[in-house]
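Undergrad: Please find one structure pasted underneath; my questions will follow.
What follows is calculated from the coordinates using simple rules that are stated; it is not laboratory data. What you see is a predicted model, and the numbers here were worked out from it, not measured in a lab. No Cβ is skipped: glycine too gets one built from the backbone with ideal geometry, and neighbour counts run over all protein chains shown.
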Amino acid sequence: MRNKVTNSNSKFHESKILFKPFLISLVKVTCKPNILQDEKVFIAELLHPKTQNEAFRKLLQLYQKPLYHHIRGIVLNHDDTDDVLQNTFLKVHSNLHKFKGDCKLFSWMYRIATNESLTFIQQRAKKQGISNEEVKEKAIQKLESDLYFDGDEIQLKLQRAVACLPKKQQLVFKMKYFEALKYEEISEILTTSVGALKASYHLAVKKIEHFLKTD
């Protein structure tokens, strides 16, 4: 993985967070986020100096794979996903003391992962002097040679259709269709009402169907 980062300001002193690669089809995944039975106890363990290292390793085991799929659905490229995933977990760790418990822990982490993914795309677009849409199109073009992508031409065509959607519709469609998240879960992550999410999803489906029929 490129550009590994360490968190020198905390007691989590593992020099590198190593993430396993996952083959991804970008069609539908069944990798649902794990829901902790007692989040308050677990969060206390994450914050306590004597238990935080072991608790954070458990957090990595629970959420590494679903967060990888979530980020991969946005940035598409495997190496870029690893970088964003790394930054996501470091940001989670450094901001745990700010977690208010007004939503599920996984929703809070997914929100961070989503923002990190979108920021990554914006920064790359700015650096290359192109639009966010052009960044995504380049990523789609590279999927065929990506060792961690096992999709086919139909799936690539679906990705192009999704890339044509407005940003909010893209996020909602990917989280509902690819990740099989419930509207209530997406609502917590994106801080958007369930009704608005349903409307966005159905609009996205219609646009994708039209794209696939006419392309």
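Undergrad: Would you work out the relative contact order for the range 96-215, in percent, from Cα pairs under 8 angstrom that are 6 or more residues apart?
TA: 26
Undergrad: Residue by residue through the range 159-171, which ³J(HN,Hα) values in whole Hz follow from phi under the Karplus form 6.51 cos²θ - 1.76 cosθ + 1.60 (θ = phi - 60°), with glycine and proline marked x?
TA: 4, 5, 5, 5, 5, 7, 6, x, 3, 5, 5, 4, 4
Undergrad: Also: Which of the listed residues, LEU118, LEU212, LEU60, is farthest toward the dipole's positive end in the range 39-214, when Lys, Arg count +1 and Asp, Glu count -1 at the beta-carbon?
TA: Farthest towards the positive end: LEU118.
Undergrad: Let me ask something additional. If R0 is 25 Å, what FRET efficiency do you get for ILE130 and CYS103 from their C-beta distance, rounded to 0.05?
TA: 0.10
Undergrad: State the extension gain, in nm to one decimal, for the chain segment bounded by GLN122 and ASN95, taking 0.36 nm per residue of separation less the distance between their alpha-carbons.
TA: Value of the extension gain: 7.5 nm.
Undergrad: Past 32 Å, Cα to Cα, is the threshold; run LYS100/LYS138; LYS142/LYS176; LYS91/LYS136; LYS50/LYS168; LYS65/LYS100 against it and keep the listed order.
TA: LYS100/LYS138; LYS50/LYS168
Undergrad: Something else now. How big is the dipole moment of the range 29-141 about its Cα centre under a simple scheme where the beta carbon of each Lys and Arg is +1, that of each Asp and Glu is -1, and everything else is neutral? Debye, nearest 20, please.
TA: 200
Undergrad: A further question follows. Considering the options GLN155, PHE99, MET175, tell which one lies farthest towards the positive end of the dipole of the range 83-182, charges being +1 on Lys and Arg and -1 on Asp and Glu at the Cβ, about the Cα centre.
TA: With unit charges placed on the Cβ atoms, the residue in question is PHE99.
Undergrad: Can you list residues from other chains, or at least 5 along the same chain, whose modelled amide H is less than 5 Å from the amide H of PHE149?
TA: Under 5 Å from the amide H of PHE149 lie the amide H atoms of ILE24, each far enough along the sequence or on another chain.
Undergrad: Tell me, what HN-Hα J-couplings in whole Hz come from the Karplus equation 6.51 cos²θ - 1.76 cosθ + 1.60 at θ = phi - 60° for each residue of the range 75-80, using x for Gly and Pro?
TA: Values per residue, Gly and Pro as x: 8, 6, 7, 5, 5, 5 Hz.
Undergrad: Quote to one decimal, in nm, the extra length available between THR214 and LYS168 on full extension: 0.36 nm per residue of separation minus the C-alpha distance between them.
TA: Going from the current span to full extension adds 14.3 nm.
Undergrad: Residue by residue, what Karplus-based ³J(HN,Hα) values in Hz, rounded to whole numbers, does the range 185-199 have, using 6.51, -1.76 and 1.60 with θ = phi - 60° and x for Gly and Pro?
TA: 5, 5, 4, 5, 6, 9, 6, 10, 5, 4, x, 5, 5, 4, 5
Undergrad: Additional query: Starting from the Cα of LYS198, draw a straight line to each of the aspartates and glutamates and keep only those under 17 Å, dropping any in the same chain fewer than 8 residues away.
TA: Leaving aside aspartates and glutamates fewer than 8 places away in the same chain, those within reach of LYS198 are GLU179, GLU184, GLU185, GLU188, GLU209.
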